[in-house]
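**Student:** Okay, handing you the structure first.
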Amino acid sequence: MVVLFFAMVCGVYICSICLKQMSQNTKAKFLNIKVVNNDHQNSCPSSAHNNDIVLDQSLHYPQPGTFTREECGCNPVRYFAILSMQRSGSGWFETLLNSHINVSSNGEIFSVRERRMNISSIVKTMDKVYNLDWFTSASKNECSAAVGFKWMLNQGLIQHHKEIVEYFKKKGVSAIFLFRRNLLRRMISVLANSYDKDAKLLNGTHKSHVHSPLEAQILAEYKPKINVTLMMDELNKANETMTRAIEYFKSTRHIVLYYEDVVNNRTKLKDVQEFLKLPYRELESRQIKIHTAPLSKQVENWDDVQKALNGTSFGSYLY
């Protein structure tokens, strides 16, 4: 009986000690979690001035209203915009960027007229993109290290360049210019793409970009006829537009790339990643080039085009 009584007393004592320790551990864990969360929020730097020290203006810590960035909340994000012209390789280039695990480039968002009706709608759209509240199939919002979009020069960019330049400088947006050196090849691509919008050669559907050699072959069979009378004016206009755009945005942080250089020299892609201060990755695209034949095989009235451009400043485009 004495042994049994002693065992019961010991059992009660041990249980009381265990319950007390469990209660203390639970409280300690709760307090620890709370402290970690507070430290996490306060440890995120600011892209503005902090204690009279100017931090990197290109670093941002968005707080989207549509979701929480969770563990990536303190990961800095850089803003960029790809500035280009239609049929200059910008779609292919953007798919290369989006193959980087830390990049979200959201496509040609200003192709929708309502978004570029005035500078207010333009700024509102850009704010939504850069705050990570814009969702596309390319979005990697939670842990994006660089977020941007593709913008054609004729989509309000030149028209509102003063206000946009100020926005870029204020927000620390980096501009990536992507142009095509051979403007004749660009013209052929524009005409062929315009024709396919009506003809819909691929089983009744129009595709500006393709992902199979067969689709590329079908689209490449069409040979546009170039209006030689208007050709020189169109080439001059395109060249002047590119020059003017670079001049307008020269005060922003920018890089100028040419499609031909990116195709022939893949180190250019490394330069882009360094420009955006991204960890280096091998970039890939599933897009297939449509026009691969010599220019003489792509134009219906090639002899007329050749005769008109020979001896001019655009003569090099023939080769």
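The values are calculated or read from the model by the stated rules, or taken from the named source; none is laboratory data. Please read all numbers here as calculations on a predicted model, not as lab measurements. Cβ coordinates were reconstructed from backbone atoms using ideal geometry, including for glycine residues, and neighbour counts include every protein chain displayed.
**Student:** Which residues, counting only those in segment 232-256, are basic (Lys, Arg) and either surrounded by 18 or more Cβ atoms within 10 Å (Cβ to Cβ) or assigned to a helix (DSSP H, G or I) (or both)?
**Tutor:** Result: 237, 244.
**Student:** Let me ask something additional. Which condition breaks for residue 292 when tested against (1) in contact with a Leu (Cβ under 9 Å, 6 or more places away or on another chain); (2) assigned to a loop (DSSP other than H, G, I, E, B); (3) exposed (fewer than 14 other Cβ atoms within 10 Å of the Cβ)?
**Tutor:** The one condition residue 292 does not meet is (1).
**Student:** Among the residues of segment 177-209, count how many are out of contact with any Ser or Thr (no Cβ under 9 Å at 6 or more places or on another chain), assigned to a strand (DSSP E or B) and either buried (at least 17 other Cβ atoms within 10 Å of the Cβ) or not polar (S, T, N, Q) (or both).
**Tutor:** The qualifying residues number 1.
**Student:** Run down 111, 90, 105 and say which single residue is touching a Phe, Trp or Tyr at 6+ places or on another chain (Cβ under 8 Å) and of a type in the set (S, T, N, Q). If you could, list the steps in order and put the result at the bottom.
**Tutor:** Numbers: 111 fails: touching a Phe, Trp or Tyr at 6+ places or on another chain (Cβ under 8 Å); 90 fails: touching a Phe, Trp or Tyr at 6+ places or on another chain (Cβ under 8 Å).
Being touching a Phe, Trp or Tyr at 6+ places or on another chain (Cβ under 8 Å) and of a type in the set (S, T, N, Q) holds for just one of 111, 90, 105, which is 105.
**Student:** Of all residues in segment 100-143, how many are crowded, with 19+ Cβ neighbours inside 10 Å, more than 11 Å from the chain's Cα centre (by Cα), outside any helix (DSSP H, G or I) and in contact (Cβ under 8 Å) with a residue 60 or more places away in the chain?
**Tutor:** Final tally of qualifying residues: 1.
**Student:** Let me ask you something else. Condition first: among the hydroxyl-bearing types (Ser, Thr, Tyr), at pLDDT 55 or above, exposed (fewer than 15 other Cβ atoms within 10 Å of the Cβ) and outside any loop (DSSP other than H, G, I, E, B). Can you find one or more residues in segment 21-41 that meet it? Lay out the reasoning, then the answer.
**Tutor:** Of all residues in segment 21-41, those among the hydroxyl-bearing types (Ser, Thr, Tyr) come to 23, 26.
In the following step, the residues that additionally are at pLDDT 55 or above were identified as none.
No, because not a single residue in segment 21-41 is among the hydroxyl-bearing types (Ser, Thr, Tyr), at pLDDT 55 or above, exposed (fewer than 15 other Cβ atoms within 10 Å of the Cβ) and outside any loop (DSSP other than H, G, I, E, B).
**Student:** Still on this structure, please answer the following. Is there any pair with a first residue in segment 262-289 that is in a loop (DSSP other than H, G, I, E, B) and a second that is of a type outside the set (Ser, Thr, Tyr) and exposed (fewer than 15 other Cβ atoms within 10 Å of the Cβ) whose Cβ atoms are under 6 Å apart and which are 6 or more apart or on different chains, and what are they?
**Tutor:** Partner pairs satisfying both residue conditions: 286/211.
**Student:** Take the conditions touching an Asp or Glu at 6+ places or on another chain (Cβ under 8 Å) and either modelled with pLDDT of 95 or more or polar (S, T, N, Q) (or both) and apply them to residue 152. Does it pass? Can you show your working first?
**Tutor:** Details: touching an Asp or Glu at 6+ places or on another chain (Cβ under 8 Å): yes; either modelled with pLDDT of 95 or more or polar (S, T, N, Q) (or both): yes.
Spelling it out, residue 152 is indeed touching an Asp or Glu at 6+ places or on another chain (Cβ under 8 Å) and either modelled with pLDDT of 95 or more or polar (S, T, N, Q) (or both).
**Student:** Test residue 174 against the stated conditions and say whether it is under 22 Å from residue 312 (Cα atoms), crowded, with 16+ Cβ neighbours inside 10 Å and either aromatic (Phe, Trp, Tyr) or under 23 Å from the mean Cα position of the chain (by Cα) (or both).
**Tutor:** no
**Student:** Report whether or not residue 168 is part of a helix (DSSP H, G or I), closer than 19 Å to residue 116 by Cβ, in contact with a strand residue (DSSP E or B) (Cβ under 9 Å, 6 or more places away or on another chain) and touching a residue at least 40 places away in the same chain (Cβ under 8 Å).
**Tutor:** Spelling it out, residue 168 is indeed part of a helix (DSSP H, G or I), closer than 19 Å to residue 116 by Cβ, in contact with a strand residue (DSSP E or B) (Cβ under 9 Å, 6 or more places away or on another chain) and touching a residue at least 40 places away in the same chain (Cβ under 8 Å).
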